[in-house]
Amino acid sequence: MNEDEDAKMWRVIEKYGVVFCRYYLGGFNLVSGLNYFILFWPQPRMADSVGDTFVLAAMELNLFAFAKVIEIIAGACLVFNRFVPLALVLLMPVTMNIFLTNVPWSPLPHIQLSVTRNLVMHLILLGAYANYFYPLLRFRTAPQPVWRNPLRVKRSL
Amino acid sequence: MINFDFAIDGKTDLMSVNPLEMTNFEMTGAIFGVLGIIITLVVGRLSRDRQKPHEFVARETDVDAIL
């Protein structure tokens with residue numbers, strides 16, 4: 001296989017790998033969010049007592065419902081390929097919280113692997129859509145308030 | 001004890017790190033992922049004839065300009 005074909009093959013793997021990650025993360029979060037409100041499968045419980053206390057407290061404070069609404073909205077955005085960079089940013093706190101509450105605390109290796117996989121896929125997608133995030137890396141910035149030109153939002157859509 | 005077991009028995013062994021041993025949510029994600037690739041392949045195949053070479057016209061824009 002020559003270099004040109006090699007590069008072409010990697011480009012195909014890259015393209016479909018990103019598509020798989022987007023649909024996987026979207027489907028996972030969409031169904032996980034919907035399951036909280038519709039309950040077609042039993043709601044997963046944290047295996048250790050500290051994690052379970054955290055989840056129960058988050059449910060009492062309605063933080064869990066808020067996170068599940070974000071999962072539904074961002075999951076649908078990823079599945080339907082709409083506002084993907086925004087969905088990735090919205091979903092990041094949820095993915096990070098799940099990772100940080102499960103990996104050090106859960107005694108179940110399968111759960112640890114699953115949440116790590118979700119975080120890795122999320123990071124891959126952030127990398128794949130990096131062109132939308134480069135403006136965030138500006139060292140020196142100047143404000144351009146949205147209220148000065150609200151039509152700018154409409155133009156961005 | 002961590003294991004690498006896999007069995008289609010309707011249950012998920014949460015000690016298994018075998019990627020084929022999936023929870024409901026992981027299974028949904030995997031199904032969505034595979035369907036997504038199939039949809040992308042089909043849509044790409046169907047739209048191949050409609051895709052024409054892009055014509056790039058250099059033109060200044062004020063989109064990111066600091067005014």
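The values are calculated or read from the model by the stated rules, or taken from the named source; none is laboratory data. In this text, all values refer to a predicted model and were calculated from it rather than measured experimentally. In this analysis, Cβ positions are derived from the backbone assuming ideal geometry, glycine residues included, and neighbour counts consider all displayed protein chains. These accessible areas exclude ligands, DNA and RNA; they are computed on the full protein's heavy atoms, side chains included. Shrake-Rupley method; radii C 1.70, N 1.55, O 1.52, S 1.80 Å.
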message = Restricting to region A:1-35, count the residues that are open to solvent by 80 Å² or more (accessible area, probe 1.4 Å) and either under 19 Å from A:Phe66 (Cβ atoms) or under 22 Å from the mean Cα position of the chain (by Cα) (or both).
response = 3
request  = Looking only at region A:117-151, count how many residues are in a helix (DSSP H, G or I) and closer than 17 Å to A:Phe20 by Cβ.
outcome  = 12
message = Would you confirm, using the coordinates I've provided, whether B:Val57 is hydrophobic (A, V, I, L, M, F, W, C) and open to solvent by less than 90 Å² (accessible area, probe 1.4 Å)?
response = no
query = With (1) in contact with an Asp or Glu (Cβ under 6 Å, 6 or more places away or on another chain); (2) open to solvent by 50 Å² or more (accessible area, probe 1.4 Å) as the list, and A:Met46 as the residue in question, which single condition is left unmet?
reply = (2)
ask   = Which of the residues spanning region A:104-121 are away from every other protein chain (no Cβ under 12 Å) and within 22 Å of A:Gly27 (Cβ to Cβ)?
value = A:Leu119, A:Val120
remark   = Just one listed residue, out of A:Ile70, A:Ile38, is more than 29 Å from B:Leu41 (Cβ to Cβ) and surrounded by 16 or more Cβ atoms within 10 Å (Cβ to Cβ), and it is A:Ile70
query = Across region A:73-94, what is the number of residues that are open to solvent by less than 10 Å² (accessible area, probe 1.4 Å) and either at pLDDT below 95 or farther than 18 Å from A:Tyr132 by Cα (or both)?
reply = 1
note = Note on region B:20-49: residues more than 8 Å from chain A (Cβ to nearest Cβ), free of Cβ contacts under 8 Å to residues at least 12 places away in the same chain and either within 26 Å of A:Ile111 (Cα to Cα) or open to solvent by less than 30 Å² (accessible area, probe 1.4 Å) (or both) are B:Met22, B:Met27, B:Ser47
